[in-house]
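So the structure is just underneath, and the comments pick up after that.
The values are calculated or read from the model by the stated rules, or taken from the named source; none is laboratory data. Worth saying up front: this structure is predicted, and the values here are computed from it rather than measured. Every residue, glycine among them, receives a Cβ derived from its backbone with ideal geometry; neighbour counts consider all protein chains shown.
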Amino acid sequence: MTVDGPRTDPYALAFGAEAIDDRLFPPIEQEAEARGFDLEDPDRFLFLSSVGRLLQAIAGASEAGADTLAPDAGEAGPDAGEALRQHGRLLYHAFHFWRAGKVFVELEEDRIRRLLDAENPASDRELVAPAVAGYLRLPRNLVWAAPEPGLRPEPADGFFWMLEPGRSLHVLAALGVRPDRPGFSVVTASGDLAREAHWADADARPGGLDFATTLPGGELDRLYSLETTAELLKLASLCFLDLDRGQ
């Protein structure tokens, strides 16, 4: 489905019109500081009491049909455990997006096409992001992904990132973001920077061409698909390395 007009911001969509993040997130920061918690670790992040209470509130709001703080995993929907995991990972990225000053980057279509069509884009550069956390918006309806195997692909609006220098890169893609839909789907990926400097030159789709469209007729519009989590990490790496070059 194509929706024209101004694009919806997934962060604003999740938190509604009011800036409730300034009410919800400081207690998480304060508890982590008091307990000496590592906020960068997405798994330990979920063990904070303030995060647990917020996730319970989010789950309750989702059951009640509220349209904020609620990722939607597509037509089939996730089971309860998977839904909670998705909410937790979205909350992790939203918190770090807020904490880093809500850094927002947008890349034009020609630039993304150049990156995804390039052959052998290997680089010996260290992976450097525009900020420790932020959101990178992709051109509308250019890159597609399914929230779960077997579900219908949706256009990727962009991705949140959280970069732990020298440790890990965490990415969450927001799919199917549009003003007539109360939520959006998510796909997450994490990579170990202690093992890989980046994923720009990875073979990210075994047995296939990275980013090749899997949509019927998608090649006619030169569309791209993300079929593996490695492709999501590669997409982020390519964007970051290109931004770091200042091109």
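Looking across the stretch 164-180, the residues that are of a type outside the set (Gly, Ala, Ser) and modelled with pLDDT under 95 come down to 164, 165, 167, 177, 178, 179, 180.
Looking for something in a helix (DSSP H, G or I) and either over 18 Å from residue 187 (Cβ atoms) or modelled with pLDDT under 95 (or both) - is there at least one such residue anywhere in the stretch 223-236? No, there is no match, as no residue in the stretch 223-236 is in a helix (DSSP H, G or I) and either over 18 Å from residue 187 (Cβ atoms) or modelled with pLDDT under 95 (or both).
Taking the criterion of being loosely packed, with under 14 Cβ neighbours inside 10 Å, at pLDDT below 60 and closer than 17 Å to residue 15 by Cα, the residues of the stretch 55-77 that qualify are 63, 64, 65. Scanning the stretch 201-224 for residues that are under 29 Å from residue 41 (Cα atoms) and either outside the structural domain of residue 234 (by TED's automatic domain parsing) or within 17 Å of the chain's Cα centre (by Cα) (or both) yields one hit, 211.
Checking each residue in the stretch 142-189 for being part of a strand (DSSP E or B) and β-branched (Val, Ile, Thr) picks out 143, 171, 186, 187, 188.
Take the residues of the stretch 188-247 that are within 20 Å of residue 125 (Cβ to Cβ) and polar (S, T, N, Q): which is surrounded by the fewest Cβ atoms within 10 Å (Cβ to Cβ)? Among them, the one singled out is 247. Applying the criterion of being touching a strand residue (DSSP E or B) at 6+ places or on another chain (Cβ under 8 Å) and among the small types (Gly, Ala, Ser) to the residues of the stretch 195-225, the residue that is nearest to residue 117 (Cα to Cα) is 212. The set of residues from the stretch 78-118 being among the small types (Gly, Ala, Ser), surrounded by fewer than 14 Cβ atoms within 10 Å (Cβ to Cβ) and modelled with pLDDT under 90 comprises 80, 81, 118.
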